[in-house]
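The values are calculated or read from the model by the stated rules, or taken from the named source; none is laboratory data. Everything numeric in this text was worked out from a predicted model, so none of it was measured. All Cβ positions, glycine included, derive from the backbone under ideal geometry; neighbour counts span all protein chains shown.
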Amino acid sequence: MYFGASELIRERARMLRKKTTLSEKLFWSIVSKRQILDLHFRQQHPIHTYIVDFYCHRIKLAIEIDGSIHLNPDNKAYDDEREKVLSEFGITLVRFTNDQVQFEPHEVKKKLVCVCKNLLEAAPPTPQTP
């Protein structure tokens with residue numbers, strides 16, 4: 001589930017969960033309590049050497065909420081490399097901006113539902129418990 005994340009990365013993720021941004025709090029209000037197609041999302045989830053803002057294990061979906069710093073060329077290169085590594089693990093990455101989450105939450109939710117439906121259709125069925 002953590003794709004080899006070290007204890008250091010896992011500890012850093014725990015610390016980040018205590019310092020969520022306004023946009024992350026608002027996004028959490030959209031995805032918490034299985035509001036999106038009964039899917040369970042985690043906050044600040046460690047994956048390999050990275051921590052993604054939100055993650056749904058069932059459909060291998062990572063979500064990043066980006067501030068303006070991600071427009072910086074150095075950060076863009078880092079983000080591109082990170083997305084490449086995540087895709088090698090079979091993880092789909094979706095990005096929303098802080099502004100989208102804060103000012104267009106219904107559009108964010110609509111796009112997220114669409115992405116999740118597509119991934120659910122492509123995902124293998126989950127085993128049923130007797």
K60 vs. criteria closer than 26 Å to E11 by Cβ and without any contact (Cβ under 8 Å) to a residue 40 or more places away in the chain:
no
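For the range 56-68, state whether one or more residues are of a type in the set (A, V, I, L, M, F, W, C), in contact with a His (Cβ under 9 Å, 6 or more places away or on another chain), at pLDDT 95 or above and not in a loop (DSSP other than H, G, I, E, B).
Yes - at least one qualifying residue is present in the range 56-68.
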Residues (on the phi > 0 side of the Ramachandran plot and in contact with a helix residue (DSSP H, G or I) (Cβ under 6 Å, 6 or more places away or on another chain)) located in the range 1-60
L37, Q44
Looking only at the range 81-101, count how many residues are under 20 Å from P46 (Cβ atoms) and outside any loop (DSSP other than H, G, I, E, B).
12
Return the only residue of K110, K84 being over 30 Å from L8 (Cβ atoms), loosely packed, with under 13 Cβ neighbours inside 10 Å and basic (K, R).
K110
In the range 1-48, how many residues are outside any loop (DSSP other than H, G, I, E, B) and not acidic (D, E)?
27
Name every residue in the range 16-50 that is surrounded by 15 or more Cβ atoms within 10 Å (Cβ to Cβ), without any contact (Cβ under 8 Å) to a residue 60 or more places away in the chain and of a type in the set (V, I, T), in order of residue number.
T20, I47
Checked pairs for the range 1-15, first in contact (Cβ under 8 Å) with a residue 12 or more places away in the chain and over 18 Å from L61 (Cα atoms), second of a type outside the set (D, E, K, R) and assigned to a loop (DSSP other than H, G, I, E, B), C-beta under 9 Å and 6 or more apart or across chains, list as S6/T49; I9/Y2; I9/H48; I9/T49; R10/Y2
Only residues in the range 74-87 that are over 16 Å from G4 (Cβ atoms) count as the first member; pair them with residues that are modelled with pLDDT of 95 or more, Cβ under 6 angstrom, at least 6 apart or cross-chain, and list the lot.
E83/L93
Matching option when the condition is under 15 Å from the mean Cα position of the chain (by Cα), closer than 21 Å to D79 by Cβ and β-branched (V, I, T), among I30, I51
I51
